[in-house]
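Below: one structure, written as structure tokens.
The values are calculated or read from the model by the stated rules, or taken from the named source; none is laboratory data. Note that this is a predicted model, so its numbers are computed, not measured. Note that we place each Cβ from the backbone using ideal geometry, even for glycine, and neighbour counts take in every protein chain shown. With ligands, DNA and RNA removed, areas are computed over all heavy atoms of the protein, side chains included. Shrake-Rupley method; radii C 1.70, N 1.55, O 1.52, S 1.80 Å.
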Amino acid sequence: MIDFTPIVRPFFNRRVAASQRWRYDIETVQKSLLNRLLKRAASTEWGRLHDFSSISSYISFSERVPVSPYPSVKPLIMRMIAGEKDILWPGVTRWYAQSSGTSDGRSKFIPITDDSLRINHYAGGAEVVAHYLASNPASRLFSGKNLILGGSFASTLDSLPPGVHVGDLSATLIRRINPLANLVRVPDRKIALMPDWNLKLPALVEASLRADITGISGVPSWFLTVLKKVVERAGATYIHDVWPNLEVFFHGGISFGPYREQYRQLTAPGHTMHYVNNYNASEGFFAVQDNPDIDAMLLLADHGIFYEFRPAGPHSPADARPVPAWEVAEGEIYELIITATNGLWRYPVGDTVKIESVSPLRISVAGRTKAYINAFGEELMVHNAEAAIERVCRMMGCEVADYTAGPVYADTGHRGRHHWWVEFNVMPESVDRFARELDRALCDVNSDYAAKRSGGIFLDPLTVSVAPHGLFNRWLSRNGGRLGGQRKIPRLSPTPQIIDELSVMAASDSCSEPPSIHTC
């Protein structure tokens, strides 16, 4: 295949140059964007209700328009799905991203407007590629094809009006993309949109096995399964034995840290793989890793989304006031709130982010707003758990495929503790030691957890149960999730519900080996 990289590079270079305009003057850019959003939606039902035409500043916007989580706008979105126009955004919206709502398992339906596709989702994808090419002058990314993992249009809604499509965001992106993009991607649309992963996975493997894959895009946990199947099917040792020109993995959805070593082991000696993080959710494309030497991601300030940040650190008050992007403080953790071209107004996306720098504004994902454990005042957050898991796996040479944790409350003779379910790709030589090292690592990365564990007065050591293969997938299926795409089990839960459900499921597992090993 001809290397088209030199041909398309000038187009992407212009994007990188344009980003210099907004990365260092986020206040001007975001205020201008907010004005455009208000003007565009002034004649909608939502715009008339909140008198958008008279809003002249961020202050008046924040006073006039309430923070609106999904339950408050769901009735309006359901009217939009039914075909009503000019509700949250001008015109009729016929495409919706179904999100299982990682924190609570209920389906949410996020509008995907023509404006959000053009200004945000596709533009965000172009930003990822642009910054990658700028950092890698020798790249030959467009000499081959990109393997993209996508979802489907399987929906939890019983019926839909003609012409309305509800499913994974990635399914809409694949269906609506410029047909020219299909020249540089695999698999074909028919395979990409298959809803049944039991059929889709082998089809993906066969479709990509003999292709010249130069880049891959998807969620690290799911892509690991695909890559291992490709290597196995080819009878190879490394993924570069199959795809010698593979150079980059554009990933997102979950933290890459716990999977880094497993990807390294799949990479052939002498081959350099680049890993580029991005923050692309059903609600919008928020940030890209613009510098390979900095793990944090650059907030996309001029891509159709106005951002607010509500303080969400361990000591933030519950009624903390959201602040705009130009008022955030470096090192602090915030809940992300968006106003966007998809018709979501002051909408909490359910994620918390940490401000890594303010000029330019770079962020990292700290976790879900409901994905934490604070049953005993320990304030354990997902980024603490990810760091601890990565450290222990590196120390012990084991590999974690997936995990979740929740609290176990005190009873007679026992203090409270955390219970972890962990599925391993490579088992540690001792699960007892794994639990002890994980407990120590959590103490190192979270002073509140360390204080509660100190002297064993308030909190007992954590316990680890080894999850049988497929346990998490079965839990997802039972709780409204679907395999693949962005579907994932919550990492941390503030209540014991998920841990208890997994324990019951594992106890009824018919495998011959014990379903779990407990340590204390």
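For residue 429, what charge total do you get from the other residues with a beta carbon under 14 Å from its beta carbon, if Lys and Arg give +1 and Asp and Glu give -1? The partial results should precede the final answer.
Details: positive: 433, 436; negative: 399, 432, 437.
Neighbour charge sum, excluding residue 429 itself: -1.
Rounded, prolate or oblate: which one fits region 11-144, using the alpha carbon gyration tensor with axes a ≥ b ≥ c (rounded when a/c is under 1.5, else prolate when a/b beats b/c, else oblate)? The shape class here is oblate. Prolate is the label for region 233-385. Its Cα gyration tensor axes, ordered a ≥ b ≥ c, give a/c of at least 1.5 and a/b above b/c. The string of couplings for region 247-260 from the Karplus curve (6.51, -1.76, 1.60, θ = phi - 60°) is 10, 8, 10, 8, 10, x, x, 9, 5, 7, x, x, 10, 4 Hz, one whole number per residue in order, with x for Gly and Pro.
Applying Stokes-Einstein at 20 °C and 1.002 mPa s to the Kirkwood radius of region 411-462, computed over alpha-carbon pairs, gives a translational diffusion coefficient of 178 µm² s⁻¹. The orientation-averaged projected area of the convex hull spanned by the Cα atoms of region 364-474 comes to 7.5 nm². Normalising the average separation of contacting C-alpha pairs (under 8 angstrom, six or more residues apart) by the number of residues puts the relative contact order of region 199-358 at 14 percent.
Backbone amide hydrogens, once placed in the peptide plane, bring residue 151 within less than 5 Å of 170, 171, excluding anything fewer than 5 places away on its chain.
Taking only protein heavy atoms and a 1.4 Å probe, the accessible area of the chain is 52% carbon and sulfur. Report note on the peptides 345-352, 268-275: ranked by the mean count of other C-beta atoms within 10 Å, highest first, their order is 345-352, 268-275.
Highest mean packing comes first when the peptides 56-67, 297-308 are listed by Cβ atoms within 10 Å, giving 297-308, 56-67. Placing +1 on the Cβ of every Lys and Arg and -1 on the Cβ of every Asp and Glu, with no other charges, gives region 25-167 a dipole of roughly 220 debye about its Cα centre.
Ordering 172, 138, 154 by Cα displacement along the dipole of region 55-212 toward the positive end leaves 138 in first place; charges were set at the Cβ atoms of Lys, Arg (+1) and Asp, Glu (-1). Distances between placed amide hydrogens fall under 5 Å for residue 83 paired with no residue 5 or more residues away or on another chain.
Taking the Cα centre of the chain as reference, the dipole from Cβ charges on Lys and Arg (+1) and Asp and Glu (-1) amounts to some 1360 debye.
Calculation over all alpha carbon pairs of region 368-408 in 5 angstrom steps from 0 returns a P(r) of 5, 20, 28, 22, 15, 9, 1 percent.
Remark: region 74-89, residue by residue, has Karplus-estimated 3J(HN,Hα) of 4, x, 5, 5, 5, 5, 5, 4, 6, x, 5, 10, 6, 8, 9, 9 Hz, where x stands for each Gly or Pro and the curve is 6.51 cos²θ - 1.76 cosθ + 1.60 at θ = phi - 60°.
Per residue, how much accessible surface does region 215-324 expose to a 1.4 Å probe? Answer in Å², no decimals.
Numbers: 4060 Å² over 110 residues.
In whole numbers, region 215-324 has 37 Å² accessible per residue.
For semi-axes √(5λ) of the Cα gyration tensor in Å, computed directly from the structure shown, the correct entry in (i) 35, 30, 23; (ii) 41, 26, 21; (iii) 51, 26, 18 is (i). With both residues required to sit in the chain, DSSP beta bridges show an antiparallel share near 65%. The mean sequence distance of close C-alpha pairs (under 8 Å, at least 6 residues apart), as a share of the length of the chain, puts its relative contact order at 14 percent. The alpha-carbon of residue 74 sits under 24 angstrom from the alpha-carbons of these lysines, leaving out residues fewer than 8 places away in its chain: 39, 85, 108, 370, 488. Once the 1.4 Å probe is applied to the protein heavy atoms, region 342-447 comes out at 36 Å² accessible per residue. Projection of the Cα convex hull of region 43-119, averaged over all directions and equal to a quarter of that hull's surface, yields 6.0 nm². Work out the charge dipole of region 334-431 with +1 on the Cβ of Lys and Arg and -1 on the Cβ of Asp and Glu about the Cα centre, then indicate which of 387, 365, 341 is farthest towards its positive end. In region 334-431, that residue is 341.
If you take the square roots of the eigenvalues of the alpha-carbon gyration tensor of region 110-207 and sort them as a ≥ b ≥ c, do you get rounded (a/c under 1.5), prolate (a/b over b/c) or oblate? Oblate, because a/c is 1.5 or more while a/b does not exceed b/c.
The mean accessible area for residues of region 1-104, using a 1.4 Å probe and ignoring ligands and nucleic acids, is 52 Å² per residue. Relative contact order, whole percent, for region 229-323 stands at 18, derived from Cα pairs under 8 Å and 6 or more residues apart. Rounded to the nearest whole Hz, the Karplus-based 3J(HN,Hα) values (6.51 cos²θ - 1.76 cosθ + 1.60, θ = phi - 60°) of region 447-453 follow the sequence 5, 5, 5, 4, 5, 6, 8, with x at glycine and proline.
Applying 1/(1 + (r/R0)^6) with r as the Cβ-Cβ distance of residue 234 and residue 3 and R0 = 30 angstrom yields a FRET efficiency of 0.80. Remark: the residue 16-residue 497 segment gains 168.6 nm on full extension, using 0.36 nm per residue and subtracting the alpha carbon distance.
So what's region 277-354 giving for Rg/Rh, alpha carbon basis, Kirkwood Rh from the mean inverse pair distance?
Ratio value, two decimals: 0.96.
Note on region 27-104: with charges restricted to the Cβ of Lys and Arg (+1) and Asp and Glu (-1), its dipole about the Cα centre is near 240 debye.
Put simply, the amide H of residue 369, placed in the peptide plane, has neighbours under 5 Å in 351, 352, leaving out anything fewer than 5 places away on its chain.
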